[in-house]
Amino acid sequence: MNNKTRFAIMMFLQYAIWGAWTTALGAHLEKIGFTGTEIAGIYGCMWLACILAPFIGGQLADRLMQSQQFLGIAHLLGSFLLYQTAIQTEFAPMWWYMMAHCLVYAPTLVLTNSICFRHLENADEEFGKIRVWGAIGWIAIGWIVTFIRSNWQTENLTEMSDLLLIGAGVSALMGAYSFTLPRTEPVKNTQDPFAFLKAFGMLKDRNFLIFMLVAFVVTTEMQFYYIPTGPFLLDMGATEAWLTATKTVAQISEVLVLTLLLHVAIKKIGIRWTMFIGIMAWPLRYLLFMIPSLPVIVAALSLHGFGYAFFMVTGNIYTNKKATDDMRASAQALFIFATWGMGNYLGTLFTGYIWDTFKTPAGETIWWQFFLVPASLCIIMGLIFFLFFRDDPEVTEEDLKSV
């Protein structure tokens with residue numbers, strides 16, 4: 001088996017672990033009595049871990065042991081922690097076990113990337129084709145969960161979460177598989193975990209400042225999709241057994257947009273218009289969510305692909321173009337910290353607060369009011385971007401090949 005195939009399997013399993021539980025766990029947590037704030041707290045563990053990972057796991061993995069060994073140990077330990085999370089029905093112990101799992105999982109997101117870049121002969125061109133297998137793994141596990149639920153009705157378990165149990169099983173498989181990956185020695189001269197601080201000087205550029213502000217706010221509003229969509233779909237008439245399969249519409253769209261449309265859009269209309277379309281895809285999705293029709297809502301899930309690829313991925317390209325050669329790593333670290341880190345974490349807390357705000361005394365969510373909040377904020381960000389962002393750097397074939 002060549003390295004490309006081995007790394008494709010690695011990415012498939014890596015993201016199947018996360019995809020197993022994150023798409024529909026909110027429905028289980030609401031069923032066992034968690035509030036919106038508590039559900040957001042559980043989801044927020046992953047983003048808090050992504051903030052802390054470079055300071056904890058990343059340094060340990062890069063300096064003290066071979067990367068494939070760290071992956072194996074982290075995922076086997078993560079499997080145990082996910083199992084413990086699965087059998088909790090009270091918020092406090094579940095939060096601590098989930099936080100512990102995320103702290104060992106988050107460093108592996110970066111580590112799987114670095115293993116690819118260390119061993120691929122032409123990583124800049126080949127990595128994107130391998131990374132897409134992570135999205136395929138996310139899609140596949142959604143359908144596997146649906147198959148299990150349709151045949152054994154595991155969604156009816158209340159004393160434990162079938163989603164977290166499935167995630168624990170995939171994590172154990174990934175842990176065992178990791179030890180078969182190529183030997184990857186630790187690198188002593190690793191990037192400073194505070195590297196993003198070096199890029200703050202780039203914010204003196206008005207266009208880059210506007211871009212980062214918009215990216216941060218838009219990322220906070222993405223959590224209104226990730227966290228409550230499971231309970232929302234159930235309220236709109238979806239069946240719980242088919243929740244995870246239904247939500248794969250978003251990931252299928254993401255793969256198609258990334259592979260078929262993104263490069264064409266950037267070439268034809270440029271970075272500025274591509275990112276603007278990406279920003280506006282999110283409020284359009286939330287506005288369509290206000291229509292009480294399940295087919296319309298499911299179709300609206302496909303807008304996730306446009307939002308993620310056209311704004312977030314193009315944002316990575318833009319950040320890379322704005323930075324000088326000696327600042328690119330720091331600029332990317334700043335973008336990731338502001339979006340994947342702080343944006344997602346604060347967004348989870350905000351989502352939980354708004355979720356509890358728009359509930360009736362009987363505990364039912366007023367969904368149109370709930371989704372009006374992220375729709376309004378994203379529209380405001382879109383208008384700010386359209387009126388004040390004037391940068392549109394030329395993108396070369398080499399820039400596109402790295403996606």
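What follows draws every value from the coordinates through simple rules; no lab data is involved. Since this is a predicted model, take the numbers as computed values, not measurements. When we count neighbours, we look across all protein chains shown, and the Cβ atoms used for this are built from the backbone with ideal geometry, even at glycine.
Quick notes
- For segment 82-92, 3J(HN,Hα) per residue [Karplus equation, 6.51 cos²θ - 1.76 cosθ + 1.60, θ = phi - 60°, Hz, x = Gly/Pro]: 5, 4, 5, 5, 4, 9, 8, 10, 10, 4, 4
- Projected-area mean, segment 194-403, by convex hull of Cα positions, square nanometres: 12.1
- Note on segment 190-314: with charges restricted to the Cβ of Lys and Arg (+1) and Asp and Glu (-1), its dipole about the Cα centre is near 520 debye.
- Sites Lys321 and Thr35 - FRET efficiency at Förster radius 41 Å, r taken between beta-carbons, to 0.05: 0.40
- Segment Glu394..Lys267, full-extension length gain: 44.8 nm, with 0.36 nm per residue of separation and the alpha-carbon distance subtracted.
- Dipole magnitude of segment 1-186, debye to nearest 20 (Cβ charges: Lys/Arg +1, Asp/Glu -1, about Cα centre): 360
- The chymotrypsin sites (Phe, Trp or Tyr not before Pro) of segment 21-50 include none that meets both criteria, a DSSP state outside H, G, I, E and B (loop) and at most 13 other C-beta atoms within 10 angstrom of the site's C-beta.
- Long-range tail of P(r) for segment 1-186 (Cα pairs > 23 Å, %): 41
- Relative to the Cα centre, the charge distribution of segment 194-403, modelled as +1 at Lys and Arg Cβ and -1 at Asp and Glu Cβ, gives a dipole magnitude of about 320 debye.
- In this structure, Leu260 and Ile73 have a Cβ-Cβ separation that, at R0 = 51 Å, corresponds to a calculated FRET efficiency of about 0.85.
- Rounded to the nearest Hz, the phi-derived 3J(HN,Hα) couplings of segment 376-382 under the Karplus curve 6.51 cos²θ - 1.76 cosθ + 1.60 (θ = phi - 60°) are 5, 5, 5, 5, 4, 5, x, where x marks glycine and proline.
- Calculated from the alpha-carbon coordinates, the chain shows an Rg and a Dmax of 20.4, 60 Å respectively.
- Sparse packing (at most 12 other Cβ atoms within 10 Å of the Cβ) combined with a DSSP loop state is found for the following trypsin sites (Lys or Arg not before Pro) in segment 307-403: Arg390.
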